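Worksheet: one structure, shown below.
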Amino acid sequence: MKRLLTFVCAVLFCAAMSAQDLRLDVPGVTVLSERPMKSIGLHETRLDTTALQESIALSMADILTYNTSVFVKSHGRATLSTVAFRGTSPSHTQVTWNGIGINSPMLGMTDFSTIPAYFIDDAALLHGTSSVNLTGGGLGGAVRLATVPQHLEGTRVQYVQGIGSFGTADEYLRLSYGNDKWQLSTRAVSATSPNRYPYRNRDKKENIYDDTHHIIGQYYPKEKNRSGSFNDLHLLQEVYYTPGDGGCWGGQVWYFASNREIPLLTTDYGTTSDFENRQREETLRSHFSYTRNGGQFKTEAAAGYMHTWMAYDYKRDAGNGILTPMTRSRSTLHTIYGQAETEYSPHHEWLFTADVTARQHFVRSVDKNIILQDGNRAVVGYDKGRFELSGAVSGKWRPTPLTGLSVVLREEMYGDEWAPLIPALFAEHVIASGWSAVLQASVSRNYRFPSLNDLFFLPGGNPALKPESGFTWDVGMTFARDLSDKLHLDGNVNWFSSQIDDWILWLPTTKGFFSPRNVRKVHAYGIESQLHGRWQRPHVTWDLAGNFSWTPSVNQSDPVSPADQSVGKQLPYVPERSASVVGQMILKKWNFTYKWCYYSRRHTMSSNDFTLTGQLPAYFMSDISLSRSVSVRWADLSFRASVENLFDEEYISVLAHPMPGIHYEFFIGITPRW
Amino acid sequence: MHDLHRFFRFFLLSCACLLNAGCMEWEDGRTEDFRDLTQGEGLYILCEGNFQYGNASLSYYNTGTRRVENEVFYRANGMKLGDVAQSMVIRGGVGWVVVNNSHVIFAIDLKTFKEIGRITGLTSPRYIHFVSDTKAYVTQIWDNRIFIVNPETLEVTGHILCPDMTMESGSTEQMVQWGRYVYVNCWSYQNRILKIDTETDEIVGSLTVGIQPTSLVMDCRHKLWTVTDGGYEGSPYGYEAPSLYRIDAETFAIERQFRFKKGDAPSEVQLNGAGDTLYWINDDIWRMDVRSEALPAQPFLPRRGTLYYGLTVHPDNGEVYVADAVDYQQAGMIYRYSPQCVRRDSFYVGIIPGAFCWKKP
């Protein structure tokens, strides 16, 4: 912690010194822009589009790690990466893409390692209660992702190639065409790597034997990540048509195919030649929309189809050199949906909105092939459908230019079960117009329905599960000020408190499998804060953004046993403190970026005991990159070199899963001129 | 030029700050000497840990001094035990610890807990049974083979192919020996007890019982006892009321079936040292004379908000040791009871204590 504070102080000191210089030269200039009605009371973290564009090679998981206060739990590149807000679980984070929820209806969560930053043009986080404006079920919050038209005139081609450590190869291609009516874009991302990064395995030792099989020596082996290769391909086609009558037609189709091995644990004594542990996925998301802006009304209608096929194979050499399945899971998911949304603003002080989304899921999940008692074969799995409906109405009122009030009422239905009404209230008041300082407060109830696996997975699914429920309130303050035409400062700080009941946990049973149960009552509370400064000089721009979160997430359930020591303790795997800093210096066509993040020590036991076998110490991570753009007669070229895990830190984010040490990647980008 | 200087100053300052930002701290395995602790009789307690987290551990309880030491494998060897510690047996003064999802069996010194060897090349080992000093069987899940290993050379020397099983549906569990035959219960999506001739290493018999026999013991009269869990609701393999079976080892035939209620989940059949009293878990702890012809009406030890997961009986004095897994995410508790069900001690161990192994003085 001392090191963290030292560093944060040093960085802030630099920023303060820079700002101090400026204040002497230039009188402060204050701009109070009118806040959008839709943002009344919202606690929203909007990701800088520069962060998305600069991080071309990253998944959204990496972007969120460095640019927001959420906790990203990752097993490494191209492995499951989940996002959790405010000490809640990944399934408490709802994710939308172009307005439609993309959390897996089977698992209830989103794997952010499957979302390339290159495909996202606009991203925002809606914290806590604010997520009710977007969707239900976001007990921690929601992540809103979107693609947007480029408003391009003519043709543009961008191609970026990256070559990195461990045999990693990344390719990015975007073909775009636009005129006053049409905007077309085709994007492709390919990422492959054997991903065999070296690490010191401190969880096991290699033995040195003598001729009589006695151990005469031991050492921690230096191993390479085993069974960690990946091969991902993403394609995104976008079409936008604006006929000029106030309407806009849009269509996006996103295809994703991955073939990933699942890395062996550090405690695994098997050999990769004996086993294959592989996950494959194909996902298609298509979304078609029509938006119309007409005076006081804005309406949007959308429909689409999503399909996912997932395969998990765990195979073993049966002694004859042929890999034979030990587990062969297959799941197929089809979702069709329709959505309508309207806004009506009869007066600049009033805004009314209404939205409704209907989804129908069809899931077939097969987990195991077995021989029945009568000798016939059968598969263990489930085949279910579920209809989901979510609708909301809201009224937003700004009685004075400095005050805003908003109420949202949302109702949701899963299968044949209706959630109780989900209400949310928001209020804000400008307390210092010179600093655009706004006091905000909000309160809401929320419910999250169990996922289809929670209910029906065999073995273990529990159809008797109740929805998780949450009650959350937030108070906070945001500010933004242009201290001069060169220096900008903005930030926010929020206190939140969430009470979550009937938390669903998958736990072992005495029958040898896991089963979900409503077991916990959790109080998550704490502070989220952000500070961002930007200083523009004639040839150089300095940009510094930092996040800090303190998020205790405390088990308040009754003891499950006389021996239970977990009551009043922090939930396992949830860090109490996290921080990140991104510093950028743009000098003419040079761009130097430094990224740093910190997660405090995490508990692996609900009793918060620290053991030798269950330690997840705090860690700091530093990445730097340097890029340069060059314009020649026939093209714009860009060169970028990045160094990740700059200090070659040996760390783990999840027990028994090693993370890579220092590694490098070099990118060349070409945008031809036509 | 001025800006270029600023650029490099920023770069250098950043580096200086970063150097101060520190790193994750590792404690490289210091090892401890446990010789003083392990004098006399003791109980090894295997704690499974959480699947896929590699946090299994081994605890040791000195029954005389009532002193418990946790994570003794890590502390003695400076490395982790692995992922899902399943079972342990003692043979010839050596402890053999089967670590299921680490695909390894460790041989440890009983006094120091130090590793003295390991058997690898396994699929998903569950239990090890010694036929002789040079031959042992290793049962597995998700494999239709029982591996034959040589404990002296630590090598896999062969396997026994189980009939009517595929790799995917393969499951063999606990083993008991009567004469030249070893009996094995087949659990996951299975309903059989297999009989192996140890001289030919072949399956020579198969007996159908109820759905998913979980455990197997042999009493003082050479009767095999197994308890089924009955499967689960929705299972294509079937779902039925679990049963406790008494099987004559010689005729390899079911003598008696004791039915539980549908939905019960009995497991962990154990015997006392004399082999005349059975114990098992079915929410509560139950006890029954092996000569009884009916299930007991009252439990030996009622559940009191506990989650009983493991069970053993002292081979000499009949004391009952019960493991409470609590919420499966924290240190489990071991309760020590007299044969009259008077609590004599309790102590915390590792995560999900599930198996025990007795060490004689």
Considering only region B:319-361, give the strands (runs of 3 or more DSSP E) lying wholly within it that have at least 3 residues that are within 22 Å of B:V269 (Cβ to Cβ) and in contact (Cβ under 8 Å) with a residue 24 or more places away in the chain.
-> B:320-324, B:331-337, B:353-359
Scan region A:580-605 residue by residue and report those that are of a type in the set (S, T, Y), closer than 27 Å to A:S638 by Cα and within 9 Å of chain B (Cβ to nearest Cβ).
-> A:Y594
Return only the number of the condition from (1) of a type in the set (K, R); (2) open to solvent by 20 Å² or more (accessible area, probe 1.4 Å); (3) assigned to a strand (DSSP E or B) that A:R226 does not satisfy.
-> (3)
Being within 14 Å of chain A (Cβ to nearest Cβ), part of a strand (DSSP E or B) and either more than 30 Å from A:S607 (Cβ to Cβ) or of a type in the set (D, E) (or both), is that true of even one residue in region B:294-314?
-> no
Selection from region A:567-622 of residues open to solvent by less than 20 Å² (accessible area, probe 1.4 Å) and among the small types (G, A, S) yields A:S578, A:A579, A:S580, A:G583, A:S600, A:S606, A:S607, A:G614, A:S622
Only one of these conditions is not met by A:L483: (1) open to solvent by 50 Å² or more (accessible area, probe 1.4 Å); (2) in contact (Cβ under 8 Å) with a residue 60 or more places away in the chain. Which number is it?
-> (1)
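For every residue, the table says whether it meets (1) within 30 Å of A:T327 (Cβ to Cβ); (2) of a type in the set (S, T, Y); (3) in a strand (DSSP E or B).
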{"residue": "A:A354", "(1), (2), (3)": "no, no, yes"}
{"residue": "A:N369", "(1), (2), (3)": "yes, no, yes"}
{"residue": "A:G375", "(1), (2), (3)": "yes, no, no"}
{"residue": "A:V379", "(1), (2), (3)": "yes, no, yes"}
{"residue": "A:G391", "(1), (2), (3)": "no, no, yes"}
{"residue": "A:G395", "(1), (2), (3)": "no, no, yes"}
{"residue": "A:E412", "(1), (2), (3)": "no, no, yes"}
Looking at region A:298-350, which of its residues are of a type in the set (A, V, I, L, M, F, W, C), within 14 Å of another protein chain (Cβ to nearest Cβ), open to solvent by 60 Å² or more (accessible area, probe 1.4 Å) and more than 30 Å from A:N453 (Cα to Cα)?
-> A:I322
Which condition number in (1) surrounded by 15 or more Cβ atoms within 10 Å (Cβ to Cβ); (2) at positive phi; (3) more than 14 Å from chain A (Cβ to nearest Cβ) is the one that B:E319 fails?
-> (2)
Say we look at region A:491-515 and pick out the residues that are more than 22 Å from the chain's Cα centre (by Cα) and at pLDDT 95 or above; which of these is surrounded by the most Cβ atoms within 10 Å (Cβ to Cβ)?
-> A:D502
Selection from region A:259-295 of residues that are β-branched (V, I, T) and within 21 Å of A:M659 (Cβ to Cβ) | A:I262, A:T266, A:T267, A:T272
Among the residues of region B:88-122, how many are open to solvent by less than 10 Å² (accessible area, probe 1.4 Å), more than 8 Å from every other protein chain (Cβ to nearest Cβ) and small (G, A, S)?
-> 2
Where B:D36 falls short, out of the listed (1) part of a loop (DSSP other than H, G, I, E, B); (2) touching a residue at least 12 places away in the same chain (Cβ under 8 Å); (3) charged (D, E, K, R) | (2)
Filtering strands (runs of 3 or more DSSP E) wholly in region A:603-662 for at least 2 residues that are touching an Asp or Glu at 6+ places or on another chain (Cβ under 9 Å) gives A:619-632, A:635-644
Taking into account only those residues within region A:547-558 that are open to solvent by less than 20 Å² (accessible area, probe 1.4 Å) and either assigned to a strand (DSSP E or B) or within 14 Å of chain B (Cβ to nearest Cβ) (or both), which is farthest from A:V72 (Cα to Cα)?
-> A:S557
Give the residue, chosen from A:L175, A:L152, that is open to solvent by 10 Å² or more (accessible area, probe 1.4 Å) and not in a strand (DSSP E or B).
-> A:L152
Specify which of the listed residues (A:G375, A:G391) is surrounded by 15 or more Cβ atoms within 10 Å (Cβ to Cβ) and farther than 26 Å from A:W309 by Cβ.
-> A:G391
Please identify the pairs in which a residue from region A:215-229 that is facing another protein chain (nearest Cβ under 10 Å) has its Cβ atom under 8 Å from the Cβ atom of a residue that is among the aromatic types (F, W, Y), counting only partners at least 6 apart or on another chain.
-> A:I215/A:Y209
Residues of region A:467-487 satisfying the condition of being assigned to a loop (DSSP other than H, G, I, E, B) and modelled with pLDDT of 95 or more = A:P467
Residues (open to solvent by 40 Å² or more (accessible area, probe 1.4 Å) and in contact with a helix residue (DSSP H, G or I) (Cβ under 8 Å, 6 or more places away or on another chain)) located in region A:463-478 = A:P463, A:W473
Residues satisfying the stated conditions in region A:189-201, i.e. crowded, with 19+ Cβ neighbours inside 10 Å and either without any contact (Cβ under 8 Å) to a residue 24 or more places away in the chain or part of a strand (DSSP E or B) (or both) | A:V189, A:A191, A:S193
Identify all residues within region A:633-645 that are under 23 Å from the mean Cα position of the chain (by Cα) and of a type in the set (A, V, I, L, M); write none if there are none.
-> A:V643
Report, ordered by the first and then the second residue, all pairs with beta carbons closer than 9 Å, sequence separation of six or more or different chains, a first member in region A:573-586 that is at positive phi, and a second member that is in a strand (DSSP E or B) and not small (G, A, S).
-> A:Y573/A:F71; A:Y573/A:K73; A:Y573/A:R602; A:Y573/A:L616; A:Y573/A:V654
Search result, residues across region B:323-346 that are out of contact with any Lys or Arg (no Cβ under 8 Å at 6 or more places or on another chain) and either within 14 Å of chain A (Cβ to nearest Cβ) or open to solvent by less than 10 Å² (accessible area, probe 1.4 Å) (or both) | B:A323, B:D324, B:A325, B:V326, B:D327, B:Y328, B:Q329, B:Q330, B:A331, B:G332, B:M333, B:I334
Could you check, for region B:129-141, whether at least one of its residues is over 19 Å from B:R192 (Cβ atoms), facing chain A (nearest Cβ under 10 Å) and part of a loop (DSSP other than H, G, I, E, B)?
-> no
Taking A:N67 and the conditions (1) open to solvent by 10 Å² or more (accessible area, probe 1.4 Å); (2) more than 17 Å from A:R144 (Cβ to Cβ), which numbered condition does it fall short on, given that it satisfies the others?
-> (2)
Residues of region B:160-209 being within 14 Å of chain A (Cβ to nearest Cβ), of a type in the set (D, E) and open to solvent by 40 Å² or more (accessible area, probe 1.4 Å), in sequence order, are B:D164
Quick one: B:R126 ticks every box in (1) part of a strand (DSSP E or B); (2) within 8 Å of chain A (Cβ to nearest Cβ) bar one, so which box is it?
-> (2)
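The values are calculated or read from the model by the stated rules, or taken from the named source; none is laboratory data. Just so you know, these numbers come straight off a predicted model, no measurement behind them. Reconstructed Cβ throughout: ideal geometry from the backbone, glycine too, with neighbour counts over all protein chains shown. Side chains are part of the model used for accessible areas, which takes the heavy atoms of the whole protein and leaves out ligands, DNA and RNA. Shrake-Rupley method; radii C 1.70, N 1.55, O 1.52, S 1.80 Å.
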